[in-house]
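J.: One structure coming up, written as structure tokens, with questions to follow.
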Amino acid sequence: MGGNEQDGYYCTICGGIPPDKINIKQILVDGKETGIDKLDWIIAEVKKLDLSDDVGITEELLKRTKALNYVPTKKTRDYGEALLKEYKKSGGITGA
């Protein structure tokens with residue numbers, strides 16, 4: 001592995017991301033296992049906002065997820081539902 005914390009790490013053989021630096025978690029989106037990069041970080045960042053309504057939480061989860069992952073426009077609602085479910089499983093407090 002080459003690189004450093006500032007510039008990022010890369011595989012010295014293929015130039016890709018080293019396997020130990022990949023942080024992708026699988027969740028069910030519309031019944032299909034879907035990888036979301038940095039999901040734990042996304043959830044932690046939204047928890048810091050101390051939001052109490054599901055709509056606001058879902059919007060913030062989607063905003064951060066879209067910044068780091070591809071979310072098909074037609075599946076935005078499905079992703080939002082799946083992300084909110086994962087947020088609740090992680091101990092996030094939600095309202096109505």
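Taken together, the values in this text are just the output of simple stated rules run on the coordinates, not laboratory data. None of the values given here were measured: they were computed from a predicted structure. In this analysis, Cβ positions are derived from the backbone assuming ideal geometry, glycine residues included, and neighbour counts consider all displayed protein chains.
J.: Starting from the amide H of Val29, placed 1.01 Å from N in the peptide plane, find each other amide H under 5 Å away whose residue is 5 or more places distant or on another chain.
T.: Thr34
J.: Turning to a different aspect of this structure: Note down the nm distance, to one decimal, between modelled labels 7 Å out along Cα→Cβ at Ile24 and at Lys89.
T.: It works out to 1.7 nm between the two label points.
J.: Leaving out same-chain residues fewer than 8 places away, which lysines sit with a Cα under 16 Å from that of Lys75?
T.: By straight Cα distance, Lys75 reaches Lys32, Lys63, Lys66, Lys85.
J.: Hey, what did the range 23-89 get for relative contact order, percent, Cα under 8 Å, at least 6 apart? Don't skip to the answer; put the middle values down first.
T.: On the way: 63 pairs, mean separation 23.0, N = 67.
It rounds to 34 percent for the range 23-89.
J.: Something else now. Set the Förster distance to 30 Å, then compute FRET efficiency between Lys48 and Thr76 from the Cβ-Cβ distance, nearest 0.05.
T.: 0.85
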